[in-house]
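*Asks:* Next up is a structure, given as structure tokens.
The values are calculated or read from the model by the stated rules, or taken from the named source; none is laboratory data. None of the values given here were measured: they were computed from a predicted structure. Note: ideal-geometry Cβ built from the backbone for every residue, glycine included; neighbour counts use all protein chains shown. Only protein heavy atoms, including side chains, enter the accessible area calculation; ligands, DNA and RNA are left aside. Shrake-Rupley method; radii C 1.70, N 1.55, O 1.52, S 1.80 Å.
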Amino acid sequence: DSTCMRACSLILSWNSEVFTYLFSELRQGTVELKDFSKEVAVMFLESLYSGVVTVEKSQFRELNKISQAFKVTWMSEKCTEAFTQFCESSSHDYTDMVFLFNEAVYSEVTLKSGVLMKIVVETFSRLENVSEIFVEQYLNQNFTIIKPGTLNHLLEMSSGCYVPVLRSLREHLKIKGGITDTVRIILSSAEIIQCMADQGEFCEICDEVLELLLQQFDQMNPEDIKLMTGLFKAV
């Protein structure tokens, strides 16, 4: 949308050091907001005038992004407060949890801020069965594309309950096979190795995982062979 909106440079600069730089140092008379929807751009400018912002789930990502892009500190803080409230009032059904987690991943990866992820991990970790209601299903849906940092957050919130993670690993090895980065990270976790060594009532799952890994031993590279050899010695 090529809509033009007039705004007072003093008000914009008072809210944002980025606008100050653009207007005072670069002497720009216009600023493009082409990376944002018209609705969010209008809301952003109106909020800079009023000092008030209402953060809804449907606009959260864009509003959080634009507030950080222009370094509007008070608005970024309001977005964080709203996100915290989203987490606290969550019904904790899978769809809602995916929304919260994906927003935290986006913020961490794209906006280079780990604040939202810290909130999500702390909130989800308090749920007694988070590994079963969220982690396992999320892994099943994203096993081959999940990034190492994101996977580490899932393992962190699963602490002490890794059987659902092993079930997801087993399903990947059964259906797609292959030693991916996700497989390597899971099998490099000291806590998961200990879980497999203890086995207990879940020995059948552990035995299946080990058997599936053995079936792929001939296709492994030297580093993976070294990893798997250490795993078999440990368990």
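*Asks:* Go through F19, L187, S89 and say which Cα lies farthest out towards the positive end of the charge dipole of the chain; charges sit on Cβ, +1 for Lys and Arg, -1 for Asp and Glu.
*Replies:* Projecting each Cα onto the dipole axis, the largest value belongs to F19.
*Asks:* Please give the calculated 222 nm ellipticity per residue for the chain, where each DSSP H segment of at least 4 residues contributes -39500 (n - 2.57) and the sum is spread over every residue; nearest 500 deg cm²/dmol? Could the numbers behind the result be given before it?
*Replies:* Values: 14 runs with 150 residues, N = 235.
The helix-only estimate for the chain comes to -19000 deg cm²/dmol at 222 nm.
*Asks:* Over segment 69-134, what is the relative contact order in percent, taking alpha-carbon pairs closer than 8 angstrom and at least six residues apart? Before the final figure, lay out the partial values.
*Replies:* On the way: 36 pairs, mean separation 19.9, N = 66.
Answer for segment 69-134 is 30 percent.
*Asks:* Beyond 27 Å between alpha-carbons counts as too far, so tell me which of K57/K176; K34/K112; K112/K176; K112/K233 fall in that bin. Walk me through the numbers on the way to the answer.
*Replies:* Values: K57/K176 35 Å; K34/K112 21 Å; K112/K176 32 Å; K112/K233 39 Å.
As for pairs spanning more than 27 Å Cα to Cα, those are K57/K176; K112/K176; K112/K233.
*Asks:* Is segment 147-235 best put as rounded, prolate or oblate by its Cα gyration tensor, with a ≥ b ≥ c the root eigenvalues, rounded for a/c under 1.5, and otherwise prolate when a/b is larger than b/c, oblate when not?
*Replies:* Details: a/c = 1.44, a/b = 1.18, b/c = 1.23.
Cα axes put segment 147-235 in the rounded bin.
*Asks:* Heavy-atom accessible area of E46 with all protein chains present, probe 1.4 Å, nearest 10 Å²?
*Replies:* Only protein atoms counted, so the area is about 120 Å².
*Asks:* Using only Cα atoms, find the angle between the long axis of helix 222-234 and the longest principal axis of the chain, and express it within 0 to 90 degrees, rounded to the nearest 10.
*Replies:* Compared with the principal axis, the helix lies near 60 degrees.
*Asks:* Work out from phi, with θ = phi - 60° and the Karplus expression 6.51 cos²θ - 1.76 cosθ + 1.60, the ³J(HN,Hα) of each residue of segment 94-107, listed in order in whole Hz, and give x for Gly and Pro.
*Replies:* In residue order, the calculated couplings are 4, 4, 5, 5, 5, 4, 4, 5, 5, 5, 5, 5, 4, 5 Hz.
*Asks:* Rolling a 1.4 Å sphere over the protein heavy atoms, what is the accessible area per residue of segment 149-217, to the nearest Å²? Intermediate values should be presented prior to the final figure.
*Replies:* Details: 3100 Å² over 69 residues.
Ligands and nucleic acids excluded, the result is 45 Å² per residue.
*Asks:* Also: Only Cα pairs under 8 Å and at least 6 apart count here; give the relative contact order of segment 1-63 as a rounded whole percent.
*Replies:* Across segment 1-63, relative contact order equals 31 percent.
*Asks:* Among [x] 13.5; [y] 20.4; [z] 16.1, which one is mean projected area of the Cα convex hull in nm² computed from these coordinates?
*Replies:* Of the labelled values, this structure produces [z].
*Asks:* What's the carbon and sulfur percent of segment 13-60's accessible surface, probe 1.4 angstrom, rounded to a whole number? Write down the numbers at each step before the final one.
*Replies:* On the way: 1550 of 3160 Å².
Looking at segment 13-60 in its full context, I get 49 percent from C and S.
*Asks:* Here is a follow-up. To the nearest 10 square angstrom, what accessible area does I175 show with a 1.4 Å probe?
*Replies:* 130
*Asks:* Probe radius 1.4 Å, ligands and nucleic acids ignored: give me the carbon and sulfur share of the accessible area of segment 83-235 as a rounded percent.
*Replies:* Carbon and sulfur: 51 percent of the exposed surface of segment 83-235.
*Asks:* To continue, here is another question. What shape does segment 86-152 have by the C-alpha gyration tensor, where a ≥ b ≥ c are the square roots of the eigenvalues, rounded means a/c under 1.5, and otherwise prolate means a/b greater than b/c and oblate the rest? Let's see the in-between values first.
*Replies:* Numbers: a/c = 1.75, a/b = 1.11, b/c = 1.58.
Oblate shape, in that a/c is at least 1.5 and b/c is the bigger or equal ratio.
*Asks:* Relative contact order of the chain: what whole-number percent is it, with Cα pairs under 8 angstrom and at least 6 residues apart? Walk me through the numbers before you get to the answer.
*Replies:* Values: 188 pairs, mean separation 27.8, N = 235.
Reported as a whole number, the value is 12 percent.
*Asks:* At 1.4 Å probe size, with every protein chain present, just tell me what the per residue accessible area of segment 61-106 comes to in Å². List each step's numbers first, then the result.
*Replies:* Values: 1970 Å² over 46 residues.
About 43 Å² of surface per residue is accessible.
*Asks:* Per residue, how many Å² of accessible area does segment 1-54 show with a 1.4 Å probe? Could you put the intermediate results ahead of the total?
*Replies:* Numbers: 3930 Å² over 54 residues.
Normalised by residue count, the accessible surface of segment 1-54 is 73 Å².
*Asks:* Pull out the extension gain between S188 and A69, defined as 0.36 nm times the separation in residues minus the alpha carbon to alpha carbon distance; nm, one decimal. Could you put the intermediate results ahead of the total?
*Replies:* On the way: separation 119, 0.36 × 119 = 42.84 nm, distance 3.67 nm.
Taking 0.36 nm per residue and subtracting the Cα distance, the gain is 39.2 nm.
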